[in-house]
Amino acid sequence: PACGPLPLTPIQRRFLAQDWAEPQHFNQAMLLELDPQTDPDTLETALRVLVDHHEALRTRFVRAADGQWQADIAAIDPARPGAGLVLERADFSALAEADWTDALRERTSACQRGMDLGAGRLVRALWIERGPRRLLLLAIHHLVVDGVSWRVLLDDLPTACDAVGRGAVPVLPARTLSFADWAHQLQQDGPAAVADERAYWAGIAAGGVPALPVDHMSGPDDHASADSVTTRLDPADTAALLHQAPAAWQTRINDLLLAALLRAWQRWSGQRELLLSLEGHGREDVFDGRRDVDVSRTVGWFTALLDRKSTR
């Protein structure tokens, strides 16, 4: 397993540069329903196995004296398996049904707030009992996890639990390229890989951004006062979007949806250009198909952000 200093990836650098008031709270969390027979000690050991196996989960982020952020992966310490991860425990069995939801929200939020970037406490786990029900809150800082990573972790957790429960040494599927190696590779070869496109994207970023029309209504203009409009495609339109149009135009579904958005934007605003920020999983092949650059089972934050100007 990799350990030691590693360069920040572009998405990590972007997040840390925004200088959030509480950067430790930027996490992704899942509340999992467990088999009632699950043993909490077995689960805690299995979670520690995951943290030791996927080195990104042991990353520490420290701000140096010059204000720059530095990342470092802690080595596996037999005396502190799983980087000292502790499965916190809460029993809400005695609570009335009316109080259960609020108590759960308060306790899970407190667990998520307890992360520490500098100490490398980026994985928090909470065992919850509610009568016969057993729940697991698993919260991980977004700096070291993304959607693909969650699929890897949720595949590995039952495997580790089963082995620990049988008294066996857990054997998880092999990791692909370590996140540390990916970060070094991206720093070394990334600029050259996109050199031909740099001027194009610089021009996109330098272009003006049309202003959104506003309704000038009074009110707080915050998330709580937001409204939404929902629409659905019927089966015929869905089939056309999924199968007929992509084949006819040699395009992808997201391109067609963007075209529809641009048409709606033009009708609403009267403007012909729209600048969009799109998010992708960031695990694209940017190194010309090199077989040693496989991150399909690598845990980490790979998200890529793309500014895209559409014109009609």
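The values are calculated or read from the model by the stated rules, or taken from the named source; none is laboratory data. Just so you know, these numbers come straight off a predicted model, no measurement behind them. No Cβ is skipped: glycine too gets one built from the backbone with ideal geometry, and neighbour counts run over all protein chains shown. These accessible areas exclude ligands, DNA and RNA; they are computed on the full protein's heavy atoms, side chains included. Shrake-Rupley method; radii C 1.70, N 1.55, O 1.52, S 1.80 Å.
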Quiz prompt | Ranked by how many other beta carbons lie within 10 Å on average, peptides 110-117, 207-214 from highest | solution = 110-117, 207-214
Practice problem: In a Gaussian network model over the chain where Cα atoms closer than 10 Å are linked, find which of Arg151, Arg124, Arg58 has the largest mean-square fluctuation. | Solution: Arg151
Quiz item: At 222 nm, what helix-only mean residue ellipticity would the chain give, in deg cm²/dmol to the nearest 500, using -39500 (n - 2.57) for each DSSP H run of four or more?
Solution: -11500 deg cm²/dmol
Exercise. Treat each spin label as a single point 7 Å out from the Cα along the C-beta direction, and report the Ala192 to Val214 distance in nm.
Key: 4.8 nm
Practice problem: Please give the per residue accessible area of segment 219-267, computed with a probe of 1.4 Å over protein heavy atoms only, in Å². | Solution: 85 Å²
Self-check item: Label point distance in nm, Glu88-Arg232, each placed 7 Å from Cα along Cα→Cβ
Solution: 3.9 nm
Quiz item: Going from most exposed to least, what order do Asp155, Asp99 have by accessible area with a 1.4 Å probe?
Solution: Asp155, Asp99
Exercise. Quick one: which residues, 5 or more positions from Ala304 or on another chain, have an amide H under 5 Å from its amide H? H modelled 1.01 Å from N in the peptide plane, none for Pro or chain starts.
Key: Gly280, His281, Gly282
Quiz item: Of [x] 20; [y] 14; [z] 30, which is the value of percent of Cα pairs over 38 Å apart derived from the coordinates here?
Solution: [z]
Quiz prompt | Estimated FRET transfer efficiency (Leu242, Arg151; beta-carbon r; R0 30 Å; 0.05) | solution = 0.85
Self-check item: Rg over Rh, two decimals, segment 31-178 (C-alpha only, Kirkwood Rh)
Solution: 0.99
Quiz item: Using alpha carbons only, how many degrees (0 to 90, rounded to 10) separate the axis of helix 179-193 from the longest principal axis of the chain?
Solution: 20 degrees
Practice problem: For Arg121, list long-range residues whose amide hydrogen, built 1.01 Å from N in the peptide plane, is under 5 Å from its own amide hydrogen. | Solution: Asp116
Exercise. Leaving ligands, DNA and RNA out of it, rank Asp35, Asp294, Asp146, Asp72 by accessible area with a 1.4 Å probe, largest first.
Key: Asp35, Asp294, Asp72, Asp146
Self-check item: Fluctuation leader among Val144, Val169, Val123 - the chain, Gaussian network, Cα springs under 10 angstrom
Solution: Val169
Quiz item: Hey, got a sec? Which trypsin sites (Lys or Arg not before Pro) in segment 197-260 land in a DSSP loop and have at most 12 other Cβ atoms within 10 Å?
Solution: Arg232, Arg252
Quiz prompt | Carbon and sulfur %, accessible surface of the chain computed with the full protein complex present, 1.4 Å | solution = 53 percent
Practice problem: Leaving out ligands and nucleic acids, note down the accessible area per residue over segment 22-153 with a 1.4 angstrom probe, in whole Å². | Solution: 46 Å²
Quiz item: Over all directions, what mean area does the Cα convex hull of segment 119-244 project, stated in square nanometres?
Solution: 18.1 nm²
